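The values are calculated or read from the model by the stated rules, or taken from the named source; none is laboratory data. Only a predicted model underlies this, so the values are computations on that prediction, with no experimental measurement involved. Don't worry about glycine lacking a Cβ; one is built from the backbone with ideal geometry, like all the others, and counts go over all protein chains shown.
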Amino acid sequence: MSNAASKAADRSGAEGLGSALTILFALSCGALAANLYYAQPLVSLMGADLGLPVSAESSIVTLAQVGYALGLVLLVPLGDIVENRRLILVTMGANLVCLAGLALAPGLGAMFAAMLLVGTSSSAAQMLVPLAANLAPEAERGAVVGNVMSGLLGGILLARPVSSFLADYVGWRGVFGLSAGLIAALGVVSLFLLPQRQPDGERGYLGLIRSLGRLFVTEPVLRRRGLYHAAIFAAFSLFWTAAPIVLLADPFDFSPSGVALFALAGVLGVFAAPVAGRLADRGYARIGTVAAISMVIGAFLLATFGTSLVALVVAAVAIDLGAQANLVFGQREIYRLAPNIRNRLNAVYMTTFFLGGAAGSALASPVLQNFGWLGVCVIGMALPGAALVYFALAEGTGD
């Protein structure tokens with residue numbers, strides 16, 4: 001896209017999204033992203049139902065996140081060359097079909113395949129975020145992205161308590177069936193309200209995909225921000241995959257509804273997104289990043305007092321606040337790079353840190369089984385600790 005075309009695209013959104021469209025974007029992003037996390041407190045129920053060994057239960061969540069990463073790489077970049085409204089609606093339709101398949105899965109193979117595809121098609125959420133950024137005026141872009149991301153993050157954070165609570169009444173299959181209904185309803189509304197946006201990109205699909213690796217190599221801000229949040233999101237996923245397993249066992253012996261109440265503590269993290277967006281607009285992204293990463297480290301230090309439910313609740317809140325704030329700081333920085341490739345920038349950023357999240361989820365069960373909750377906390381501190389060291393080195397040298 002030429003500079004003139006880029007400016008025209010920015011001018012087209014100079015009036016912002018408006019309240020109705022902002023709410024639709026936020027709700028749709030939240031509902032789609034929640035699909036990756038409904039399974040987190042349900043892995044024990046799903047594993048028992050389908051005959052999955054306890055040591056492999058966290059692979060259910062990992063597979064959804066790997067699928068999401070695939071969607072970020074293979075589908076989200078299409079937003080730079082394909083009309084955005086059509087792309088989003090088609091991907092949401094595919095998500096509906098995959099959720100129905102997951103709810104009806106007869107065995108492990110079908111469940112794993114459906115979970116992978118649910119994750120892949122849930123990447124429609126990351127087609128909506130750059131569209132919102134393109135519709136927003138430059139001076140308000142951080143605030144607009146923060147508002148939309150508050151919906152996405154709300155979906156992530158509410159997914160755990162909602163699925164835990166509903167599982168007591170409709171089982172794990174019913175949770176995904178209800179999610180399919182929600183996506184269907186939002187798809188119908190989007191059919192009428194979602195604006196069209198035809199990008200000017202002329203690159204073919206294979207060239208588009210090949211450009212992702214080059215962006216990671218040639219854009220230091222994108223690379224740094226992706227790796228910072230990969231470490232943070234790995235710690236986030238490690239905590240939220242391991243914590244329900246701990247709470248369901250002795251000495252807590254929580255029911256799924258009890259785990260749901262615990263997970264509600266993390267919902268406070270949703271308030272970090274709009275605040276972080278506004279701070280980033282005012283030039284506080286660097287200091288905000290240090291504060292967010294440090295908050296996650298401190299939270300895991302507090303969580304070492306694993307026999308204290310109060311300590312775990314406070315740690316959960318702090319981990320979610322730090323992770324969500326750092327995510328928005330990163331997005332605000334990468335969206336400043338080039339308006340005509342925002343879908344690809346978003347795809348590389350999200351893919352990088354979701355692979356970190358998948359690694360964190362995969363580690364949860366084996367680390368918990370072999371090293372206990374203390375092992376989880378040590379790794380949870382080490383990951384953001386490494387990010388903080390990298391930040392100090394990279395931001396100091398500018399690379």
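Numerical summary
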read-out: Unique match (being more than 21 Å from residue 183 (Cα to Cα) and either touching a residue at least 60 places away in the same chain (Cβ under 8 Å) or β-branched (Val, Ile, Thr) (or both)) among 58, 28; value: 58
read-out: Single residue of 72, 63, 36 found to be at pLDDT 85 or above and not in a helix (DSSP H, G or I); value: 36
read-out: Pair list, Cβ under 9 Å, 6 or more apart: segment 240-256 residue at positive phi, other residue surrounded by 18 or more Cβ atoms within 10 Å (Cβ to Cβ) and part of a helix (DSSP H, G or I); value: 253/247
read-out: Candidates 118, 162 - the one that is crowded, with 24+ Cβ neighbours inside 10 Å, touching a residue at least 60 places away in the same chain (Cβ under 8 Å) and out of contact with any strand residue (DSSP E or B) (no Cβ under 6 Å at 6 or more places or on another chain); value: 118
read-out: Residue match in segment 157-169 (condition: hydroxyl-bearing (Ser, Thr, Tyr), out of contact with any helix residue (DSSP H, G or I) (no Cβ under 6 Å at 6 or more places or on another chain) and more than 30 Å from residue 244 (Cβ to Cβ)); value: no
read-out: For residue 93: the one exception among (1) small (Gly, Ala, Ser); (2) modelled with pLDDT of 95 or more; (3) closer than 17 Å to residue 159 by Cβ; value: (3)
